[in-house]
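Let me begin by presenting the structure, written as structure tokens, before commenting on it.
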Amino acid sequence: MKKLLILLFSFFLLSSPSVFADDISDFEIEGISIGDSLLDYMTEDEILEDIKANKDWYYFLKEPNKYIQTGSIKNSSTYDLINFFIKNNTQNKYISNKNERYTIKGVNGFLTFNENFDGCIQKSNEIVEIITEMFPDKETQEYRRNYDPDPSGNSTENLVMMWFDSGAAIAVKCIDIEENLRKKNNWNDGLYLSISSYEIANWLSDSK
């Protein structure tokens, strides 16, 4: 049975008392798992529009266009926004199966914490504590660093990673974007809870 990795106001709900699986595909964010087809949640036209709009978002990575962040499920029962990562192979005609072409490789749930970085960190700490109780044999790594989409270096992210034997990862991240930049781009400060396949976790870790 899949485990529901669902962020609520102060805790997680799990669909099974057994929480020690080492396969990241056993987890869900709002019922969505790695390995699902994005076509179950968006139309192909919506996906292609998002790919075009988001193609330059990860310019700071060594292979910025290898994967694409897409999806904008807003105001779910738990999150302000849910988005996804898929492989950027939409133009590869040899993949005739559309479900395979749009296989979800990573899922993010986002909660807004504009101008409330301390509140975000507090929530992040609560989540990390629960994750470490779920996986007592796994270590976490924490980083405080510049937020890459802001080349000025005036924005900050606090990232906690838990790695699985498969190379997949769970991440809890708070971002604090410089106010003028945030307002100019209509961005939001906030908290990301992410489940990532091996491919996505390594791709996101490989900055220029």
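The values are calculated or read from the model by the stated rules, or taken from the named source; none is laboratory data. Owing to the predicted nature of the structure, the values given are computational and were not obtained by experimental measurement. Don't worry about glycine lacking a Cβ; one is built from the backbone with ideal geometry, like all the others, and counts go over all protein chains shown.
Of note:
- Residue list for the range 130-146, filter: modelled with pLDDT of 90 or more and either acidic (Asp, Glu) or more than 21 Å from Glu199 (Cα to Cα) (or both): Glu142, Arg144, Arg145, Asn146
- Of the residues Asn116, Asn125, Asn154, the single one that is polar (S, T, N, Q) and closer than 29 Å to Asn65 by Cβ is Asn154.
- Scanning the range 169-208 for residues that are at pLDDT 90 or above and small (Gly, Ala, Ser) returns Ala169, Ala171, Gly190, Ser194, Ser196, Ser197, Ala201.
- Boolean, Ser76 is of a type outside the set (A, V, I, L, M, F, W, C), under 18 Å from the mean Cα position of the chain (by Cα), at pLDDT 70 or above and more than 20 Å from Tyr198 (Cα to Cα): yes
- Applying the criterion of at least 2 residues that are crowded, with 17+ Cβ neighbours inside 10 Å and either free of Cβ contacts under 8 Å to residues at least 24 places away in the same chain or among the small types (Gly, Ala, Ser) (or both) to the strands (runs of 3 or more DSSP E) found wholly in the range 100-204 leaves 104-112, 156-163, 169-176, 190-196.
- Selected residue (criterion: farthest from Glu100 (Cα to Cα)) from residues of the range 79-88 that are of a type outside the set (Phe, Trp, Tyr) and within 11 Å of the chain's Cα centre (by Cα): Leu81
- Only one of the numbered conditions (1) surrounded by 15 or more Cβ atoms within 10 Å (Cβ to Cβ); (2) over 14 Å from Leu193 (Cα atoms); (3) of a type in the set (A, V, I, L, M); (4) at pLDDT below 75 is not met by Met1, and that is (1).
- The set of residues in the range 4-58 that are among the hydrophobic types (A, V, I, L, M, F, W, C), in contact with a helix residue (DSSP H, G or I) (Cβ under 9 Å, 6 or more places away or on another chain), at pLDDT 80 or above and not in a helix (DSSP H, G or I) comprises Ile32, Ile34, Met42.
- Residue list for the range 151-207, restricted to those being among the basic types (Lys, Arg) and out of contact with any strand residue (DSSP E or B) (no Cβ under 7 Å at 6 or more places or on another chain): Arg182, Lys183, Lys184
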